[in-house]
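Read-outs throughout are calculated quantities, based only on the coordinates presented, and are distinct from any laboratory measurement. Nothing here was measured: the structure is a model prediction, and the numbers come from that model. FYI the Cβ positions are ideal-geometry reconstructions off the backbone, even for glycines, and counts take in every protein chain you see.
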């Protein structure tokens, strides 16, 4: 049962897996369908609850290492996908979260053939990676444009051929034990799949506290930022500056942590925006700008589906709303925008103009103060938040620089080299 300041882990990861799949409608729900297939294999194989939970979490996040839109789009053409790169990046990202150490190992090897894995001493990790690999392969064989029960025989024949090299033959036999059930196939493509996984999955009774939620939000912060070298430290900067402003504003410790989480999630919807737009060196066209506008909507859409984080969905997603109602995508005004959203909005603008972009150089301190002052005078952003930023400009800027440097170091020395 959910208590104050705890969130259901299943609800959290299922919703975030949706965000990761938004970039390509052809693979919508790919990770959730893979998770369902993996659960059926675990159930039939008699896998322990602990290991099943790890495999389930790995399935919901197994493609997070495919960071750019082009990589995500290649997911529906498996032959063109560099599986080793996205597996390694997935491991590097997940390993930074203490709660996902075992999950990271599973993700690392979910495209490694059985013949290469079977000599490894970590039997649980090998089994888990093989179950995920089999589930992933089965899901990719499904043609969503064709009635599911008209293709089950063909899929089953293709799965049989994986045994002995790609997949442990024992797991193939386990799959064949339940693959004749129409209910299994119909569940995979059911519109109620989210609900099925939420209520009957291995995480349905697991609650996590705000510290774990913050850790997971950092994972998605990195995934968002590392889509493009031009935004590789943006979200970490927004979260850091919002945290500092919140402290100076006198918010409670819980509220400050919630603001940090909102800052980490604020650009989650940018997972749907093509890099060709994010990295464009010139001015965006009207059509391109309309695509950019969808990102804060998808941030709201994703986070608002997590029970207990509805308020954080608002704080995160309203960062492009303006006090006079001229913002997007909801066109709320000062009566609808709380101080928390106002802090995120100022932190977002401050961080953005402090960074280089393909179409402009970063602004210096005097330019930033002039720019933010103008927005404040025009009743677009909160003047009190802006004044607080100006009064503590150097300390906030220094804190943001430290946090961004750490993020940049990981991106440049570890992730970008993959």
Quiz prompt | Extension gain from residue 147 to residue 289, taking 0.36 nm per residue of separation minus the Cα-Cα distance | solution = 47.4 nm
Quiz item: How big is the gap, in Å, between the Cα center of region 347-390 and the Cα center of region 137-185?
Solution: 55 Å
Quiz item: Considering the chain, what Rg and Dmax in Å follow from its alpha-carbon atoms?
Solution: 22.4, 69
Quiz item: Any idea how far apart residue 183 and residue 333 come out in nm if each label point goes 7 Å out from Cα toward Cβ?
Solution: 5.6 nm
Quiz item: Counting only Cα, what are the radius of gyration and maximum Cα-Cα distance Dmax of region 351-418, in Å?
Solution: 14.7, 46
Self-check item: Gap separating the Cα centres of region 195-237 and region 247-270, nearest whole Å
Solution: 14 Å
Quiz prompt | Rel. contact order, % - alpha carbon contacts under 8 angstrom, at least six apart, region 99-235 | solution = 19 percent
Exercise. For n ≥ 4 DSSP H runs only, could you compute -39500 (n - 2.57) per run for the chain, divide by its residues and tell me the 222 nm figure to the nearest 500?
Key: -19000 deg cm²/dmol
Exercise. Evaluate E = 1/(1 + (r/R0)^6) for residue 324 and residue 405, where r is the Cβ-Cβ distance and R0 equals 41 Å; express this FRET efficiency to the nearest 0.05.
Key: 0.70
Quiz item: In Å, what Rg and Dmax follow from the Cα atoms of region 221-415?
Solution: 15.6, 45
Practice problem: Please identify, among 132, 60, 375, the residue showing maximal mean-square fluctuation in a Gaussian network model of the chain using a 10 angstrom Cα cutoff. | Solution: 375
Self-check item: Inter-label distance for residue 280 and residue 199, nm, one decimal - labels placed 7 Å from Cα along Cα-to-Cβ
Solution: 4.4 nm
Quiz item: Under a GNM of the chain (C-alpha, springs under 10 Å), which listed residue has the highest mean-square fluctuation: 294, 42, 87?
Solution: 294
Quiz item: For helix 49-61, what angle does its Cα long axis make with the longest principal axis of the chain, in degrees from 0 to 90 and rounded to 10?
Solution: 60 degrees
Practice problem: Considering only 45, 19, 313, give the residue with the highest GNM mean-square fluctuation for the chain, with springs between Cα atoms whenever their separation is below 10 Å. | Solution: 45
Quiz item: How large is the Kirkwood hydrodynamic radius of region 6-205, in angstrom, based on all distinct alpha carbon pairs?
Solution: 16.8 Å
Self-check item: Fewest-first ranking of 146, 247, 322, using other Cβ atoms within 10 Å as the exposure measure
Solution: 146, 247, 322
Quiz prompt | Folded to 0 to 90 degrees: helix 30-45 orientation relative to the chain principal axis, Cα | solution = 40 degrees
Quiz item: Hey, what's the Kirkwood Rh for region 214-328 if you take every pair of different alpha carbons, in angstrom?
Solution: 14.7 Å
